[in-house]
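The block underneath contains the structure these notes are about, expressed in structure tokens.
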Amino acid sequence: MKYFKYIASFLFCSQCFAQSTPSELAEMSFDELFFIDSSPSASTSPWTLGYAYKFAEYKGYLDGDSSLSNDEVLWEPGNEPRTSDNFPVVPTVITQEVHTVSLAYDISPQWQVSLLVPYIRQETDHISIVGNYETFVIETDGLGDITTQATYRWNTGSSETWAIGFGLRLPTGSIDEEGDTPRAPGDQELPYTMQLGSGTYDFPLDVRYKLSGKHQITLGASANIRTGTNDRGYRLGNNYKLTSQYSTAVSQKVDVFGGLSLVYSDSIHGQDDALLIDSPFPYPASITNPDLYGGKKVNLNIGLLWEATSDFYLKLDINKPVYQYLNGPQPKENWTGAFSLTKKL
Amino acid sequence: MKKIRRLIVSFGSVVLLMATFTVRSDSSLERGDQLKAVYLFNFTKYIRWPDSSFESKSEKISICVDAPAVFREFLGEIINNKRVGKAQQLLEVVSLDVAVDCELIYLVKRDNKLPITLNNSVIVTDSGDNYFPENEIKFYILDKKLRFEIDLDKFKKKNITVSSELLKLAKIK
């Protein structure tokens, strides 16, 4: 309860910045003025609070762009030889849910800094050839990697806007999650997919171009660059993404959008030795092999943006991969969905 | 079960906070009009009137406003004895009804003849209806943001120069 009063006073302090004086406005350049909402009911607070929920499901397997069934990935002793492409344990469905609370502060109309705090919940269904573990489920949940980032925007015309963002993702998410797997009795270290963080300092970067108007086009390039090696001896792969999106208003309050994105992810560098078994084939499941991560994807996305009030937005977004080429056998992404609420305080 | 309850409580708290804290401007002049006033001030930095329009380098640049008094007062606070351009000309705000000579004229709503000659005046009109087509600059709204359109031919006819920095950000008619 005692913390609530500090949080409340911090949020109410947003009123301290609610009004720009005439002399402050006079100091602004056109580049800054171009980002100020001119609608009569617009909030002038520099604070923006956000909440986002993201759901992702991985089901089925790909090796390159060839589909594999769970039975093809599961090693059946006696019926087939053990190879590097079959495993005694096979994850069948992986679901990930991420709740992210964000707080952004406009230093100026062009500069914004923000803090994003994710809470992650993951669940994986498995089948295996190990007695008492024919089917089993593993769950993890907790704080993910907290991100701080800064964004700078500028105009190159009456309807053309550019933005560049750069940030630091802190290794606040656990990489020591344990669970009961067939590898040994009791709890053991869980594979990379079930961990909540990267364990390294990562640098998200992005550049965006927006052409505003009745028909709005957005193009973007982003990357998540990871550095060093974490305490468990590995570094997750870098991600690179190119996005294109078209949006248009279908009513005064609702925009619909659709687009394509190209995603490339590296495999994992190094490995967590605790995930290995003492055997000529040391990986008990595909998700314990660091080489079987990463690949290329083409995603189709559609969604809508609803302006509930002049400073309260709701966004719905669904992504479906239309092409995947994965370093496999690897669980393939089935679909992701997200919704977010944004409120100018 | 505890985790689900914790999630629901956290989510509910976030939504409640979002719905509760709404801060609005309490100025008597709406934000859109405040921005228009600042734009008018900024226009004077990027427009060069022919020397013939000033008796001497120390002459003032007059912004003549056909808008309510509250707008003129706000614009007056913005320019607040500021000087612009190489010649450091002093800015002043006057009501169009009493103006004699204007470098910049802002018309909110007027479809009849103006009380002054327009040889060296840049006319700026508000967004909305094309109520005064003889304008050089017209405000418009794009994605809730204030933008402006420039009619370059009309500027050339009056021998008034617009800086490329201003043209870069304008929609050219």
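Just so you know, all these numbers are worked out from the coordinates, no wet-lab data involved. Treat the numbers as computed from the prediction; the structure is a model and nothing was measured. Don't worry about glycine lacking a Cβ; one is built from the backbone with ideal geometry, like all the others, and counts go over all protein chains shown.
Side notes on the structure shown:
- Where labels lie 7 Å past Cα in the beta-carbon direction, separation of residue B:156 and residue A:66 in nm: 6.7
- Across the range B:26-172, the relative contact order, built from alpha-carbon pairs under 8 Å that are at least six residues apart, equals 22 percent.
- Across chain A, the relative contact order, built from alpha-carbon pairs under 8 Å that are at least six residues apart, equals 17 percent.
- Partner lysines for residue B:144 [C-alpha distance under 25 Å; skip if fewer than 8 residues away on the same chain]: A:210, A:214, A:253, A:315, A:343, A:344, B:36, B:45, B:109, B:168, B:171, B:173
- The string of couplings for the range A:37-47 from the Karplus curve (6.51, -1.76, 1.60, θ = phi - 60°) is 5, 9, 5, x, 8, 5, 6, 10, 6, x, 9 Hz, one whole number per residue in order, with x for Gly and Pro.
- Distance from the range A:294-345 to the range A:100-147 (C-alpha centre basis), Å: 15
- Label-to-label distance, nm, for residues given as residue A:172 and residue A:113 (7 Å Cα→Cβ offset): 1.5
- Whole-Hz ³J(HN,Hα) from phi, Karplus 6.51 cos²θ - 1.76 cosθ + 1.60, for the range A:118-126, glycine and proline x: x, 10, 10, 10, 10, 9, 10, 8, 10
- Other protein chain C-beta atoms within 10 Å of residue C-beta, averaged over A:22-35: 6.
- Inter-label distance, nm, simple model (7 Å from Cα along the C-beta direction), residue A:59/residue A:281: 2.6
- Near the amide H of residue B:127, within less than 5 Å, lie the amide hydrogens of B:139, all on another chain or at least 5 residues away, with H placed in the peptide plane.
- Temperature 4 °C, viscosity 1.567 mPa s: under these conditions the Stokes-Einstein estimate for the range A:113-172, based on its Kirkwood radius over C-alpha pairs, is 84 µm² per second.
- Pairwise FRET efficiency - residue A:156 versus residue B:141, Cβ, R0 = 22 Å, nearest 0.05: 0.65
- Relative contact order of the range A:147-257, defined on C-alpha pairs under 8 angstrom at six or more residues apart (%): 21
- Mean per-residue shielding of peptide A:95-106 is 1, counting Cβ atoms of other chains within 10 Å of each Cβ.
- Comparing A:42, A:223, A:184 in a Gaussian network model of chain A, where Cα atoms under 10 Å apart are tied by springs, the biggest mean-square fluctuation is seen for A:184.
- For the segment B:132-145, counting C-beta atoms of other chains within 10 Å of every residue's C-beta and taking the mean gives 3.
- Annotation for the range B:121-168 versus the range A:176-234: alpha-carbon center distance of 48 Å.
- Taking Cα atoms only, the orientation of helix A:2-12 departs from the longest principal axis of chain A by about 50 degrees.
- Förster radius 35 Å - calculated FRET efficiency between residue A:227 and residue A:318, Cβ distance, rounded to 0.05: 0.60
- Here the Kirkwood formula puts the hydrodynamic radius of the range B:26-172 at 15.5 Å, using every distinct Cα pair.
- Estimated FRET transfer efficiency (residue A:201, residue B:77; beta-carbon r; R0 51 Å; 0.05): 0.60
- Among A:39, A:67, A:222, residue whose mean-square fluctuation peaks in a GNM of chain A (springs only between Cα atoms under 10 Å): A:39
- If you wrap the tightest convex hull around every Cα atom of the range A:196-345 and split its volume per residue, you get 131 Å³.
- Residues listed by number, the range A:124-148, amide nitrogen under 18 Å from residue A:334 label point at 7 Å toward C-beta: A:124-128, A:135-140
- Of A:97, A:178, A:134, the one that fluctuates the most in a GNM where chain A has Cα springs shorter than 10 Å: A:134
- Within the protein assembly as shown, percent of DSSP bridges classed antiparallel, to nearest 5: 90
- Diffusion constant of chain A at 20 °C, which comes from Stokes-Einstein with the Kirkwood Cα-pair radius and 1.002 mPa s, µm²/s: 95
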